[in-house]
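Enquirer: My questions will all concern the structure given below.
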């Protein structure tokens, strides 16, 4: 949403792009390809049989990490993650729980809101991918129901009618897809489908998805269209129901026609008043390049892989300048990296995993508080900017990123 979980225990694991591509219509081909195994209704979905991005390079070839990052990743992957989670949760409850299975916005804060809660849930689900056990995320999944409103979720716990955020709900839908992929329990897939039913209410007559209900300045944001596009493609992969592909096409056409900049990056939003907010956020680049990786897996059409690579290269060049990546909110970077690493399966020499490893190494050196086990300071970006609060969404982001670094390409495919 607008601009992750305690990291203490996890840390014991102690370019100029070319011209913009413009709109690129989606093909109508049936999604199961020759040489793939149809996996309709099962976690993971069909994957093109061998379709490397470069000659002689096979998907899944591991990329090189720095020695320190490689040791940490191996250590995390070999640990008893349930034991780590038990220790982690005991500290999180003290700091972030408010007597019920929901997360406060910040340490000592009076309220819980759904966007930070969804990112704490995402951290638990990433740990679940590593150990194959959804138990690590069950409390956070249960806590979501405090925000529920039919097929959708309110921004806060107050139960009077609230203007809902479409992006909040898209992120939660992606959480549900990941819960389904880890557990195999279709109730989570059904919940994700329910959220997409709600999202359809936010479609603009000319295409694209609004950000929020009843805004003074109604806008269609990359922050809502990107995750909703990924959600629709994930559900289509699972069900092959055409309505979900049609929804995804609607959003894709809007995004590439209205919010992609000439240098290959995605702007923030287009208002109904005709103005475009051109801020560049890392998570917006992540969801859009991730959607193209999904399109490639579904169609086998390499133009999507090429387009994802162009977005990734433009983002790496942009955020590698003037310390921009460091200054982004950690939650935005977590979304960026979860999608960037999926692309590395097809471009193993791109060095994306090393960028993440170096970012985490720097965070450990410059922003980690040994006394509290929390991140902040050192000029590190924060979700709320300059406010001196320790927020669950920032801590959860680091758990997500550390988990992503430890994952294999096969595990990354379960991440939404």
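Enquirer: In what sequence do 177, 293 fall when counting other Cβ within 10 Å, fewest first?
Expert: Values: 177 28, 293 24.
Sorted ascending by nearby Cβ count, the order is 293, 177.
Enquirer: Extension gain residue 217-residue 324, at 0.36 nm per residue separation less the Cα-Cα distance, in nm?
Expert: Details: separation 107, 0.36 × 107 = 38.52 nm, distance 2.79 nm.
Full extension from residue 217 to residue 324 adds 35.7 nm.
Enquirer: Taking 7 Å along the Cα-to-C-beta vector as the label spot, tell me the residue 361-residue 263 distance in nanometres, rounded to one decimal.
Expert: Taking the simple label geometry, residue 361 and residue 263 are separated by 2.7 nm.
Enquirer: For region 225-292, build the convex hull from the C-alpha positions and give me its volume per residue in Å³.
Expert: Values: hull volume 5.3 nm³, N = 68.
Hull volume normalised by residue count: 78 Å³.
Enquirer: Oh, and also: In which sequence would 394, 190, 358 go, from the one with the fewest C-beta neighbours within 10 Å to the one with the most? Present the calculation step by step, with values, prior to reporting the outcome.
Expert: Details: 394 28, 190 11, 358 16.
Ordered by Cβ neighbours within 10 Å, fewest first: 190, 358, 394.
Enquirer: Take residue 206 and residue 384, extend 7 Å from each Cα along the Cα→Cβ direction, and tell me the distance between the two endpoints in nm.
Expert: Result for the modelled spin labels: 3.7 nm.
Enquirer: If packing is taken as the average count of other Cβ atoms within 10 Å, what order do 318-324, 345-351, 283-289 fall into, highest mean first? Intermediate results must be reported in sequence, preceding the final value.
Expert: Numbers: 318-324: 14.1, 345-351: 19.7, 283-289: 27.4.
The most tightly packed comes first, giving 283-289, 345-351, 318-324.
Enquirer: Which of 187, 414 has the fewest other C-beta atoms within 10 Å, and how do the rest follow up to the most? Working shown, then result.
Expert: Values: 187 11, 414 20.
Lowest count first: 187, 414.
Enquirer: Whole Å is fine, so just give me how far the alpha carbon centre of region 158-190 lies from that of region 292-318.
Expert: For region 158-190 versus region 292-318, the Cα centre distance is 26 Å.
Enquirer: For the pair residue 369 and residue 145, how long in nm is the line joining their label points, each one 7 Å along Cα→Cβ?
Expert: 3.5 nm
Enquirer: At a 10 angstrom cut-off on C-beta neighbours, averaged per residue, how do the peptides 209-221, 400-412 rank from highest to lowest?
Expert: Working: 209-221: 18.3, 400-412: 21.5.
Highest to lowest by the protection proxy: 400-412, 209-221.
We did not get these values from a lab; they are worked out from the coordinates using the rules stated. Keep in mind that this is a model prediction, so the values were computed, not measured. Please note: Cβ atoms are built from the backbone with ideal geometry, for glycine as well, and neighbour counts cover all protein chains shown.
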